[in-house]
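Read the structure below first, then the notes.
Coordinate-derived values only; no laboratory data. Keep in mind it's a predicted model, so treat the numbers as computed, not measured. Positions of Cβ are generated from backbone atoms using ideal geometry, with glycine treated the same way; all protein chains shown enter the neighbour counts.
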Amino acid sequence: MEVVTEITNIEFGKMINSAASALQENADKINKLNVFPVPDGDTGTNMTLSMASGAEYERAEEDTSLSSLAKATSKGLLMGARGNSGVILSQIFRGFASSVEGKQTLTARDFADALMGGAETAYKAVMKPTEGTILTVIREAAAAANRSAKQTDDVVEVMQATLEAAEKALATTPDLLPALKEVGVVDSGGQGLVIVFQAFYGALSGEEVTSGNVDNAGLEAMIQSMHNAGVQGDLDPNDIKFSYCTEIMVDIAQGTTYEREFDYDTFYNYLADMGDSLLVINDDEVVKVHVHTENPGAVISWGTEFGALRKVKVDNMRDQQAEAAAKADAQRKSEKIKDVAVVTIATGAGMHDLFEGAGVTTVLDGEQAPSTADLVAAANGTGAKSVIIIPNDSNIFMAADQAVDLTDMPTQVVRTRTQQQGLTAMLLGYNPEGEVDTVASAMTSAISDIKSGSVTTSVRDTNINGLEIHDGDGIGIFDGEIVVAEPAADILAASKALLAKMLDEDAELVTIYYGQDASSDVADAIAEYGAELDDELEFEIHDGGQPLYPILMSVE
């Protein structure tokens, strides 16, 4: 193989976009590495959407110097970061971009230094770094790159050493983190980083990176995120450069208009000159396109040359923006400006309503973890003097922390781990007319004694916390630990067993939220059982409408 002594802006762009595609293709594989056998493991989806944002910013950057492309990638990852894994990935590229500032090309030494800068920045970003995670993988990979760069000027050889070390470090994660070893999986975030490095190696060495099936859910989330970024209440419609958000889906080599064999680069490059916010994802049968353009007809016509149209969607974003701006203006005029507004994340229509009823200003949908940019936009959109973010999920903490530094007003995070904690914080600690520091402190104190429980159905066989769990079992989670497993998806039995473990002599109030896969009858049966255990308990029951978790409970 020919020696490659530098990475140019062209190679860097290929590396970033190959990594975005590789994560998209493997998102489901990464999701399934979740330690808990619960149906909402989302590390792969979060890393995919975060990297897609980085690649989007890289492609849109007008200054094509390598330094500027690296900075744009870092910015895109920062704004698009979702979940703790996405935030850590953004920090790796932040350190990388800082290291290559001012450089037009990267030598093997430069590349190794940049990876070490990425590892250092990622470790600094985590308050209590945990080994056996993505941090271990980036540290070992960067160290290997450093050793290799001392012996060779070939960047491909350095990248190969980096990848091999990352794969080796990933294999050791179960030995470093007991929770991983107990259930027999490697760290999901580390797996995602290995996939990034595999894509980097493929782009530098010229080896083809295989493509997988189109992940419709992940793609739709990417498209929605990209589209929403261009339509927000404070943007002047006249500032929108490309009016039409255009989406097409094409069945490759099908139909009467088909006349060209599909080639990704040919297909992509034509569309790249027609607008921005371009996303092209394909497998062997289907290609999906999202682009903002002034000529949607040409996009549609181009697609028909490669096959039969299955889907066409065109939205006029200037009209949408004018409507959004009018609504935002009307809302600002009709509402008294709050001293302290609250932004939260919730899943389920009932839970949304409960948070709004408790005084939350903006409720974001939690079925897909919000990005840093989503949280910043929500906070800025409140029009308040200060903002508190209650994440209701520890996987959103790091994105929320990043948002604090990017908002237009003083912002704090109250670290609620569950929706139950979030509602308690609102009901017992929130004061819209207080000082943000005082209100945040009161909300934090309000959740100190609440116990949170959730019931769902296992999605795989595993052993954890001494429990033998089978695919389809009803499982109960108490303050982040699986403590109950009942066979045959018996949600009621799992809920009763979980409640029994949550109760103690200080318990006074049990609140039950039933979701999409439960009913008020199930909630009533849980309450009746609780009353048998302690006839002095009080019970509240709400229709939360939450997916995946038929029952949520809190004990105060």
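Could you sort the peptides 3-13, 474-484 by per-residue average Cβ neighbour count (10 Å cutoff), highest mean leading? Intermediate results must be reported in sequence, preceding the final value.
Details: 3-13: 17.6, 474-484: 20.0.
Per-residue Cβ counts within 10 Å, averaged per peptide and sorted highest first, yield 474-484, 3-13.
At 222 nm, what helix-only mean residue ellipticity would the chain give, in deg cm²/dmol to the nearest 500, using -39500 (n - 2.57) for each DSSP H run of four or more?
Working: 20 runs with 278 residues, N = 556.
Roughly -16000 deg cm²/dmol at 222 nm, from the helical runs in the chain.
When peptides 372-382, 256-266 are sorted by average Cβ neighbour count within 10 Å, with the highest value leading, the order is 372-382, 256-266. Computed on the Cα atoms alone, the convex hull of the chain gives a volume of 158 cubic angstrom per residue. Would you work out if the stretch 333-456 is rounded, prolate or oblate? Take a ≥ b ≥ c from the square roots of the eigenvalues of the alpha-carbon gyration tensor; rounded if a/c is under 1.5, else prolate when a/b is larger than b/c, oblate otherwise. Rounded shape, in that the Cα axes give a/c under 1.5. Residue order for Phe397, Phe355, fewest other beta carbons within 10 angstrom first, comes to Phe397, Phe355. Among 291-301, 184-194, 360-370, the peptide with the highest mean count of other Cβ atoms within 10 Å heads the list, and the full ranking is 184-194, 360-370, 291-301.
How large is Rg over Rh for the stretch 9-205, taking Rg from the Cα atoms and Rh as the Kirkwood inverse mean of 1/r across Cα pairs?
Numbers: Rg = 15.5 Å, Rh = 16.3 Å.
Rg divided by Rh gives 0.95.
Candidates Asn146, Gly192, Ser441 compared by Cα position along the dipole of the chain: farthest toward the positive end lies Asn146, with charges placed on Cβ.
At each listed q (0.16, 0.23, 0.24 Å⁻¹), what is the log10 of I(q)/I(0) that the Debye formula gives for the stretch 419-537 modelled as equal alpha-carbon point scatterers? Results for the stretch 419-537 at q = 0.16, 0.23, 0.24 Å⁻¹ read -0.83, -1.26, -1.32. Between Asp365 and Val314, the contour length at 0.36 nm per residue exceeds the Cα-Cα span by 15.9 nm.
Explain nothing, just the number: dipole magnitude of the chain about its Cα centre with +1 on each Lys and Arg Cβ and -1 on each Asp and Glu Cβ, in debye rounded to the nearest 20.
Details: 36 positive and 89 negative charges, 307 e Å.
That gives the chain a dipole magnitude of about 1480 debye.
Residue exposure proxy: Arg415, Arg139, ordered by other Cβ atoms within 10 angstrom of their Cβ from fewest to most, comes out as Arg415, Arg139. Using the Stokes-Einstein relation with a Kirkwood hydrodynamic radius computed over Cα pairs, the translational diffusion coefficient of the stretch 5-68 at 20 °C and a viscosity of 1.002 mPa s comes to 165 µm²/s.
Would you mind working out the magnitude of the charge dipole of the stretch 9-205 relative to its Cα centre, with +1 at each Lys and Arg C-beta and -1 at each Asp and Glu C-beta, to the nearest 20 Debye? Don't skip to the answer; put the middle values down first.
On the way: 17 positive and 24 negative charges, 68 e Å.
Its charge dipole is roughly 320 debye.
Note that the stretch 366-382 has calculated 3J(HN,Hα) couplings of x, 5, 10, 3, x, 7, 4, 4, 4, 5, 5, 4, 5, 5, 5, x, 6 Hz, one per residue in order, obtained from phi through the Karplus relation 6.51 cos²θ - 1.76 cosθ + 1.60 (θ = phi - 60°); glycine and proline are x. Remark: relative contact order (the chain) = 11 percent; criterion is Cα-Cα distance under 8 angstrom and separation of 6 or more residues.
DSSP bridge analysis restricted to the chain gives an antiparallel fraction near 75%, rounded to the nearest 5.
Would you kindly calculate the translational diffusion coefficient of the stretch 470-556, applying Stokes-Einstein with the Kirkwood radius from alpha carbon pairs, for 25 °C and a viscosity of 0.890 mPa s, and quote it in µm² s⁻¹ without decimals?
Values: Rh = 12.9 Å.
D, rounded to a whole number, is 191 µm²/s.
Please state the equivalent ellipsoid semi-axes for the stretch 419-476: what are the square roots of 5 times the Cα gyration tensor eigenvalues, largest first, in whole Å?
Numbers: eigenvalues 278, 22, 13 Å².
Its equivalent ellipsoid spans semi-axes of 37, 10, 8 Å.
Scalar couplings 3J(HN,Hα) for the stretch 400-409, obtained by applying the Karplus form with A = 6.51, B = -1.76, C = 1.60 to θ = phi - 60°, are 5, 4, 5, 4, 3, 7, 10, 7, 7, 9 Hz; x denotes Gly and Pro. Working note: Debye formula, equal point scatterers on the alpha-carbon atoms of the stretch 104-174, no solvent; log10 I(q)/I(0) at q = 0.18, 0.20 Å⁻¹ is -0.64, -0.76. Placing +1 on the Cβ of every Lys and Arg and -1 on the Cβ of every Asp and Glu, with nothing else charged, gives the stretch 387-443 a dipole about its Cα centre of roughly 280 debye. Taking a ≥ b ≥ c as the square roots of the eigenvalues of the Cα gyration tensor of the stretch 7-121, is the shape rounded (a/c under 1.5), prolate (a/b larger than b/c) or oblate? Because a/c hits 1.5 or more and a/b exceeds b/c, the stretch 7-121 counts as prolate. Straightening the chain between Gln151 and Asp276 buys 40.8 nm, computed as 0.36 nm per residue apart minus the Cα-Cα spacing. Ordering Met351, Met79, Met409 by the number of other Cβ atoms within 10 Å of each residue's own Cβ, fewest first, gives Met409, Met79, Met351.
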